[in-house]
Amino acid sequence: MEKEADQNPPSKMESLSVKSQAAEGSFSSSCPTETQMSPEERFRIVRSVGEECIQEDELLNLLTKKPQPICYDGFEPSGRMHIAQGVMKTISVNKMTSAGCKVKIWIADWFAQLNNKMDGDLKKIQTVGRYLIEIWKAVGMDLADNKVEFLWSSDEINSRAHEYWPLVMDIARRNKLPRIIRCSQIMGRSEQDELSAAQILYPCMQCADIFFLKADICQLGMDQRKVNVLAREYCDDIKRKNKPIILSHHMLPGLQQGQEKMSKSDPSSSIFMEDTEAEVNVKIKKAYCPPKIVQGNPCLEYIKYIILPWFNEFKVERSADNGGDKTFKSFDELVVDYESGDLHPGDLKPALSKSLNKILQPVRDHFNKDANAKDLLKRVKGYRITR
């Protein structure tokens, strides 16, 4: 039976801004403080978060005119957290806050229920939400000085329903059903899926979130692009000049050949944030990593998007017969050695595992030592993952 504490999400998560338990060697910006930065410096940092930006001139103008822009990201609490959601998101958030942005993380419990995650059980969904927050605290997300707010969709929508629902209704009224169905990718669905009525409502609500949270920047994955574009189109419809800027980050692939995305329902496809050292080692050892091939190589993507941004280098330890130890300071440098065969998967994989384990160790420690975190993880591991 769920404990009493699981009846509701923590009230008003705006107040949850605590100092993070930073990982050893964890990502930290070496940039000057935002008050010392020029708009161009702030732009360079913020722009580096996204694989795509719509539009760059709008972003530079925003950072020139607004000292603390609002950046929004949202997550369905739908199961264990994989490394992209944990580490890549921490890197991105720390970059955004270092450049003077305020980040609002939308814990989308109602959205997970609409999308039938955890079989629509809101208590379980909210338990997963609290587990997500524990991981971000442990891995080194900079939560000091109220730079980051965790907001529960159920709390916020209920407290300001008079603002939220008219907005959702207006967005729904102005869009045809085929346009909304085209956004189904945001829920991990396809346009060919048989969608429930709740899943038709979902894109209209997510579009409304952007305006409800007063977001200047939508910082989500490339898979969320269509609904963010819908928000910009809505601005055209209502003759709103200032459109939300879309900053879409790269989607890390699964570890097996041909997996475009990591899957929570397939443990072999990704590293989870509380995986043991042995589990990480096995998963990386079995990962697709063809010699001399960079394109579509998930191990190299992990290095490019996780290891190098976190440590600013990638260390490979190998015997003198195999070229001796080498430290790579850039991805381009790594690519040269890998494509030529000077760096072999047999040496790259152990180095990748070692780096990943160093990042994840503080998270393991937190979930081993903190009674609340340990209990949350036990529950989340016991839940059935639903698509």
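The values are calculated or read from the model by the stated rules, or taken from the named source; none is laboratory data. All figures in this text were calculated on a predicted structure; none of them were measured in a lab. Reconstructed Cβ throughout: ideal geometry from the backbone, glycine too, with neighbour counts over all protein chains shown. The accessibility values were calculated without ligands, DNA or RNA, using every heavy atom of the protein model including side chains. Shrake-Rupley method; radii C 1.70, N 1.55, O 1.52, S 1.80 Å.
Side notes on the structure shown:
- Counting only residues that are touching a Phe, Trp or Tyr at 6+ places or on another chain (Cβ under 8 Å) and either open to solvent by 30 Å² or more (accessible area, probe 1.4 Å) or under 21 Å from residue 110 (Cβ atoms) (or both), the range 62-78 holds 6 of them.
Yes/no per residue for (1) of a type outside the set (A, V, I, L, M); (2) assigned by the TED database to the domain that holds residue 372; (3) within 21 Å of residue 209 (Cα to Cα):
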residue	(1), (2), (3)
93	no, no, yes
105	no, no, yes
130	yes, no, yes
135	no, no, no
143	no, no, no
148	no, no, yes
158	yes, no, yes
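- Count of residues meeting criterion [among the charged types (D, E, K, R) and either loosely packed, with under 11 Cβ neighbours inside 10 Å or outside the structural domain of residue 309 (by the TED database) (or both)] in the range 323-342: 1
- Of the residues making up the range 245-263, not one is open to solvent by 40 Å² or more (accessible area, probe 1.4 Å), over 14 Å from the mean Cα position of the chain (by Cα) and touching a residue at least 60 places away in the same chain (Cβ under 8 Å).
- Of all residues in the range 268-280 being assigned to a helix (DSSP H, G or I) and crowded, with 17+ Cβ neighbours inside 10 Å, the one that is modelled with the lowest pLDDT: 269
Conditions tested, residue by residue: (1) acidic (Asp, Glu); (2) within 30 Å of residue 299 (Cβ to Cβ); (3) not in a helix (DSSP H, G or I).
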| position | (1), (2), (3) |
| --- | --- |
| 223 | yes, yes, no |
| 230 | no, no, no |
| 242 | no, no, yes |
| 246 | no, yes, yes |
| 256 | no, yes, yes |
| 259 | no, yes, yes |
| 282 | no, yes, no |
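- For the range 281-297, a residue qualifies if it is farther than 30 Å from residue 378 by Cα and either open to solvent by less than 10 Å² (accessible area, probe 1.4 Å) or in contact with a Phe, Trp or Tyr (Cβ under 9 Å, 6 or more places away or on another chain) (or both), and the qualifying residues are 291, 292, 293, 294, 296, 297.
- Going through (1) part of a loop (DSSP other than H, G, I, E, B); (2) open to solvent by less than 10 Å² (accessible area, probe 1.4 Å) one by one, residue 300 falls short only on (1).
- Residue in the range 94-115 that is nearest to residue 60 (Cα to Cα), counting only those that are in a strand (DSSP E or B) and open to solvent by less than 10 Å² (accessible area, probe 1.4 Å): 103
- Residue within the range 101-116 that is more than 26 Å from residue 365 (Cα to Cα) and of a type in the set (Asp, Glu) present: yes
- Residue count for the range 268-297 under the criterion of being under 24 Å from residue 365 (Cα atoms) and touching a residue at least 12 places away in the same chain (Cβ under 8 Å): the result is 15.
- Taking the range 124-142 as the range and being farther than 12 Å from residue 78 by Cα and open to solvent by 30 Å² or more (accessible area, probe 1.4 Å) as the test, the residues that pass are 137, 142.
- Criterion: free of Cβ contacts under 8 Å to residues at least 60 places away in the same chain and aliphatic (A, V, I, L, M) - qualifying residue of 128, 139, 49, 93: 93
- Just one of the numbered conditions (1) touching a strand residue (DSSP E or B) at 6+ places or on another chain (Cβ under 9 Å); (2) surrounded by 24 or more Cβ atoms within 10 Å (Cβ to Cβ) is not true of residue 118: (1).
- Residues that are among the aromatic types (Phe, Trp, Tyr) and either in the same structural domain as residue 330 (by the TED database) or over 21 Å from the mean Cα position of the chain (by Cα) (or both) within the range 264-307 comprise 288, 302, 305, listed in sequence order.
- Taking helices (runs of 4 or more DSSP H) as the structural unit, those lying wholly within the range 133-201 and holding at least 2 residues that are at pLDDT 95 or above correspond to 153-159, 161-173.
- Candidates 74, 79 - the one that is in a strand (DSSP E or B), assigned by the TED database to the domain that holds residue 200 and at pLDDT below 95: 74
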